[in-house]
Amino acid sequence: MRLFLFYILTFILFCATIFPFWNIGWWWVRFFDFPRLQIFFLNLILIAALISGSVLKFGSINSWILLAGFILSLGLDIFRIYPYAISRKKESATYKNEKAIGKLSILTCNILLTNKEHSKIFNLIEEKDPDLVLLLETDKIWVSASKVLEKKYPHHILLPQENGYGKVFFSKFPLKNTRIEHLVDKTVPSIFTDIIINDEAQVHFIGLHPRPPRPNEGPSDQRDSELMLVAEYIKNRKDQTILVAGDLNDVAWSHTTRLFRRISGTLDPRVGRGMFNTFHANSMLFRFPLDHFFHSKQMMISEILRLEHVGSDHFPLWAKFHILAKPSKKHKPEDKQSSDHQEMKDLQDRGKDLVSPDSHKDEPLDP
């Protein structure tokens, strides 16, 4: 019986490892993108159990077959998560002595719609004193509470919603050309705005929080389509300094997020620095990197931190960036693949099929 259970567990673990490589949006397939680190350690435990002979005699044909399966699974896990090891070369180069024309710091947090501990996040904002603040899942109560920030942050965008997709954005710097886009779903807004740092430096900011793949939300097609629309939008603005922030409801190492980076040409400051797992804040065993910053090559990062618990199921994420007059050659972006463009179009089309007849969308993003 013990051997039978071991085989069943091995089969489940192997399926969990290979499912994410299946290019399909079903939520139960995309779910396995998330626990890569947990699956990695389960593979190590089962390998140890196999080699120790505690389940079956090691050296038999069956044991070698199982070991080969475990090693393959382990290799696939490493392929996904190794870029986020601190031993890996950084994709987003660290700012040192380069000539900068401006700088900014930003704090983002999914504050959890049902979280009533408003003072925790506001006290943290007071302590860290970021130039920009992006809060997600804000309803009318949260927007009302956030008025305490308006004195320090005179420029703001307030989008209260009761469905978990509200947003507020606060800035010490002036904003212009602000647009609220409903890229795929009429109930999921995204923020597009220009931040005027000074006479020389301007940053185009994009704040996102697409729908996740889960039973009550549906497949990942809406999320993936939204990310691909934004990726193409950024791709066609290579001369702009761009910063993307938000809860993408996708892990940093997923195929979709990596495709987003390759298409857009943006950089992930996590690569080579660590995972900075922001969700789930109330569980040490099940944590994933869901909240993100991506930036163009005209920016360099000097610091990124996961901050303290604020009563939400997400930890806040904080970073400090420096703005350069021209793109830095020190960055090491992921190499583009020949299939990227076609895959981007396919994912964009999947999102179109999900829009209901009465859906409202703003003017489409400029090509």
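The values are calculated or read from the model by the stated rules, or taken from the named source; none is laboratory data. Being a predicted model, the structure only gives us computed values, none of them experimental. Cβ placement follows ideal geometry from the backbone for every residue including glycine, while neighbour counts extend to all protein chains displayed. When the accessible area is computed, the model is the full protein with side chains, heavy atoms only, and any ligands, DNA or RNA have been set aside. Shrake-Rupley method; radii C 1.70, N 1.55, O 1.52, S 1.80 Å.
Points worth noting:
- For the range 52-78, a residue qualifies if it is touching a residue at least 40 places away in the same chain (Cβ under 8 Å), aliphatic (A, V, I, L, M) and under 18 Å from F4 (Cβ atoms), and the qualifying residues are V55, L56, L66.
- Restricting the range 33-54 to residues that are open to solvent by 50 Å² or more (accessible area, probe 1.4 Å) and not in a loop (DSSP other than H, G, I, E, B), the residue that is farthest from E343 (Cα to Cα): S52
- Candidate set from the range 197-251 (those that are part of a loop (DSSP other than H, G, I, E, B) and aliphatic (A, V, I, L, M)); member that is nearest to F31 (Cα to Cα): V251
- Residues located in the range 264-280, provided they are of a type in the set (A, V, I, L, M) and surrounded by fewer than 21 Cβ atoms within 10 Å (Cβ to Cβ): M275
- Residue check for D185: of a type outside the set (A, V, I, L, M), open to solvent by less than 50 Å² (accessible area, probe 1.4 Å) and either under 18 Å from the mean Cα position of the chain (by Cα) or on the phi > 0 side of the Ramachandran plot (or both): no
- Checked against the criteria, T17 counts as within 30 Å of D268 (Cα to Cα), open to solvent by less than 80 Å² (accessible area, probe 1.4 Å), polar (S, T, N, Q) and at pLDDT 80 or above.
- In a residue-by-residue description of the range 171-189, the property of being over 21 Å from D239 (Cα atoms), out of contact with any strand residue (DSSP E or B) (no Cβ under 9 Å at 6 or more places or on another chain), part of a loop (DSSP other than H, G, I, E, B) and not β-branched (V, I, T) applies to at least one position.
- In the range 85-120, the residues that are among the small types (G, A, S) and either at pLDDT 95 or above or open to solvent by 40 Å² or more (accessible area, probe 1.4 Å) (or both): S87, S92, A93, A100, G102, S105, S119
- When residues of the range 154-165 are limited to those that are in contact with a Phe, Trp or Tyr (Cβ under 7 Å, 6 or more places away or on another chain) and surrounded by 17 or more Cβ atoms within 10 Å (Cβ to Cβ), the one farthest from I195 (Cα to Cα): I157
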